[in-house]
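S.K.: Have a look at this one.
The values are calculated or read from the model by the stated rules, or taken from the named source; none is laboratory data. Because the structure is predicted, anything quoted here is derived from the model rather than measured. For neighbour counting, all protein chains shown are included, and Cβ atoms are generated from backbone atoms with ideal geometry for every residue, glycine included. The area values use the complete protein model at the heavy-atom level, side chains included, leaving out ligands, DNA and RNA. Shrake-Rupley method; radii C 1.70, N 1.55, O 1.52, S 1.80 Å.
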2 protein chains.
Amino acid sequence: MTDLLSHMDLERGMLSGGVFAERRLSDLRDAFADQRSIDRMLSGGEDPLVYTVSTVEHGSREGDQHIGLGVLYPGRVGREFFLTRGHRHKRPEASEVYVGLRGTGKMILQNTSGTSVINLLPQSTLFVPGHTDHRTVNTGGEPLVYLGIYPAWAGHDYASLVERGFTVVIVEDQGVPRVLDRSEFLKSLGANH
Amino acid sequence: MTDLLSHMDLERGMLSGGVFAERRLSDLRDAFADQRSIDRMLSGGEDPLVYTVSTVEHGSREGDQHIGLGVLYPGRVGREFFLTRGHRHKRPEASEVYVGLRGTGKMILQNTSGTSVINLLPQSTLFVPGHTDHRTVNTGGEPLVYLGIYPAWAGHDYASLVERGFTVVIVEDQGVPRVLDRSEFLKSLGANH
């Protein structure tokens, strides 16, 4: 029985024994609504680290669970706060329990019942039910750090979500985060450009 | 989509929206090896709170998960540190992910491979595989606070464990925790009484 214990390095986003992955802005081109702003950043040579995930996969049998430590950095593309790509599970009935550890953020949850935006904060848990798209957004000024715990068999489906998209965006508005309908936001961009 | 967010009150051991349960020493008579010391405490009118659990059950379908916030208070019965009753899951293949939040403790894990004692500390996760008895022990001087996250269908089996028992005890020895074979510990008690 080795490696059942994993230390969380909250500064570096490392879960000991985990597999570490980085996502830069160039990996997330489709995830932001404001394509003009992301193109401007990338063509100007800016490709910041947006988030990292360190994943420990404890077995793959029924009843096993996997653990991910996520760090979502503060920043914006235009007015949109930095976000994760978002996913639904490949076996969509799989839920996920998030545990907020540091920073200030929100999760966008979207399923056939509609769209919800829920705070992700330290000293709180957030339950993402099965059959629900979910995306994390850092609305604060420091890294947003959290655990995600899910059934080993859950899998990740990113592809179908690219087509569906999220119905809302979270943008900076006079210093505070504001949830906007994505299509309204796109219209406002068109008007301003 | 309501109540997906639960606040953790680490002082009171409350997970908002959860069901709260208390376990006093008199509920744990069988869990300690040193029956003479526990009898002495209880007959002397001491029945301290040993631990609390606040549980939020998010659904009961395949893929759902439940969350428990545990607080195990510091204290001893004779030389044995305060502990939880311990359990295996009713559907034994269910694993459990523990997340240490405060305090200093250990978990005893026991299955057909043998017995392990693993630290349960803040900023760490501890994976309890399926088919494994597990008990938490507070070896420090402050409350040991942790989350446990497990499949909704796991269930708890306490009864079979009462018969099996744990093979080791964790006792105070000149100011530090020491893991002893339970039968050796019982022999030493017999010699001292």
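S.K.: May I ask for the angle, rounded to the nearest 10°, between helix B:182-192 and the longest principal axis of chain B, with both axes built from Cα atoms and the value confined to 0 to 90°?
M.R.: In chain B, helix B:182-192 runs at an angle near 30 degrees to the longest axis.
S.K.: Can you figure out the FRET efficiency of A:Glu57 with B:Arg24, using R₀ = 25 Å and their beta-carbon distance, to the nearest 0.05?
M.R.: On the way: r = 39 Å, r/R0 = 1.56.
In this case the efficiency is close to 0.05.
S.K.: Now a separate question. How big is D for chain A, in µm² s⁻¹ as a whole number, if Stokes-Einstein is applied with the Kirkwood radius of its Cα pairs at 37 °C and 0.692 mPa s?
M.R.: For these conditions, the coefficient is 191 µm²/s.
S.K.: Now for a separate question. I need the phi-derived Karplus couplings for the range A:138-144: 6.51 cos²θ - 1.76 cosθ + 1.60, θ = phi - 60°, integer Hz, Gly and Pro marked x.
M.R.: These are the phi-based 3J(HN,Hα) values: 8, 9, x, x, 10, x, 9 Hz.
S.K.: Could you report the accessible area of A:Ser183 in Å², rounded to 10, computed with a 1.4 Å probe on the protein chains as they sit in the structure?
M.R.: 60 Å²
S.K.: Take the range A:1-90, compute every pairwise Cα distance, and split them into 10 Å bins from 0; I just need the percent in each bin.
M.R.: P(r) for the range A:1-90, in whole percents per bin: 15, 39, 27, 14, 4, 0.
S.K.: Can I ask one more? What is the mean number of Cβ atoms from other protein chains located within 10 Å of the Cβ atom of each residue in peptide B:117-123, rounded to a whole number?
M.R.: On the way: counts 0, 4, 2, 1, 2, 1, 6.
Other-chain Cβ atoms within 10 Å of each residue's Cβ, averaged: 2.
S.K.: Further question on the same structure: Report, by chain and number, residues whose modeled amide H sits under 5 Å from the one on B:Arg24, excluding near sequence neighbours (fewer than 5 apart, same chain).
M.R.: Answer set, sorted by chain and number: B:Val50.
S.K.: Calculate for the protein assembly as shown the 222 nm mean residue ellipticity that helices alone would give, adding -39,500 (n - 2.57) per DSSP H run of length 4 or more and normalising by residue count, nearest 500 deg cm²/dmol.
M.R.: Per the formula, -3500 deg cm²/dmol.
S.K.: So what's the range A:76-119 giving for Cα Rg divided by 2.2 N^0.38 Å, two decimals?
M.R.: Compared with the compact-globule rule of thumb, the range A:76-119 sits at 1.34.
S.K.: Which one, B:His131, B:His66, B:Gly18, projects farthest toward the positive side of the charge dipole computed for chain B from Cβ point charges (K/R +1, D/E -1)?
M.R.: B:His131
S.K.: Around A:Ser16, what is the net charge, scoring Lys/Arg as +1 and Asp/Glu as -1 over all other residues with Cβ under 14 Å from its Cβ?
M.R.: Neighbourhood net charge equals -3.
S.K.: So what J values fall out for the range B:49-62 if you push phi through Karplus, 6.51 cos²θ - 1.76 cosθ + 1.60 with θ = phi - 60°, rounded to Hz, Gly and Pro as x?
M.R.: 5, 9, 7, 10, 9, 10, 10, 10, 9, 8, x, 9, 8, 3
S.K.: Also: Mind checking the mean number of beta-carbon atoms from other chains within 10 Å of the Cβ atoms in B:51-63?
M.R.: 3
S.K.: Restricting things to alpha carbons, find the Rg to Rh ratio for the range A:49-89 using the Kirkwood radius for Rh. Kindly include the intermediate steps, with their values, before the conclusion.
M.R.: Details: Rg = 14.0 Å, Rh = 12.4 Å.
Radius of gyration relative to Kirkwood radius: 1.13.
S.K.: Now a separate question. Are there trypsin sites (Lys or Arg not before Pro) in the range A:62-153 that DSSP puts in a loop and that have at most 14 other Cβ atoms within 10 Å, and which ones?
M.R.: Loop-located and lightly packed - A:Lys90.
S.K.: I need the peptides B:141-149, A:4-12 ranked by packing, meaning the mean over residues of other C-beta atoms within 10 angstrom, with the highest value on top. Before the final figure, lay out the partial values.
M.R.: On the way: B:141-149: 20.2, A:4-12: 16.7.
Put in order of decreasing packing, that is B:141-149, A:4-12.
S.K.: Considering every residue in A:124-135, what mean count of other chain Cβ atoms within 10 Å of its Cβ is obtained?
M.R.: Averaged over the peptide's residues, the number is 5.
S.K.: Let me ask something else about it. The range A:39-86: which GluC sites (Glu not before Pro) are DSSP loop and have at most 11 other beta-carbon atoms within 10 angstrom?
M.R.: For GluC sites (Glu not before Pro) across the range A:39-86 that sit outside H, G, I, E and B with at most 11 neighbouring Cβ atoms in 10 Å, the list is empty.
S.K.: If you don't mind, another one. Quick one: net charge of A:Leu120's neighbours, Cβ under 14 Å, K/R +1, D/E -1? Before the final figure, lay out the partial values.
M.R.: Numbers: positive: A:Arg102, A:Lys106, A:Arg135; negative: A:Glu96, A:Glu142.
Charge balance in the 14 Å sphere: +1.
S.K.: For the protein assembly as shown, compute Rh as the Kirkwood radius over C-alpha pairs and then the Stokes-Einstein diffusion coefficient at 25 °C and 0.890 mPa s; write the answer in µm²/s, rounded to an integer.
M.R.: 110 µm²/s
S.K.: Scan chain A for the residue whose Cβ is closest to the axis carrying it onto chain B, then write down that distance in whole angstrom.
M.R.: Output: A:Ile149, 2.
S.K.: B:Pro74: net charge of surrounding residues, Cβ under 12 Å, Lys/Arg +1, Asp/Glu -1, itself excluded?
M.R.: Spelling it out: positives minus negatives among the neighbours equals 0.
S.K.: Turning to a different aspect of this structure: Once all Cα-Cα distances of the range A:130-189 are split into 10 Å bins that start at 0, what whole-number percent is in each one?
M.R.: Calculated over all Cα pairs of the range A:130-189, the distribution is 15, 40, 34, 10, 1 percent.
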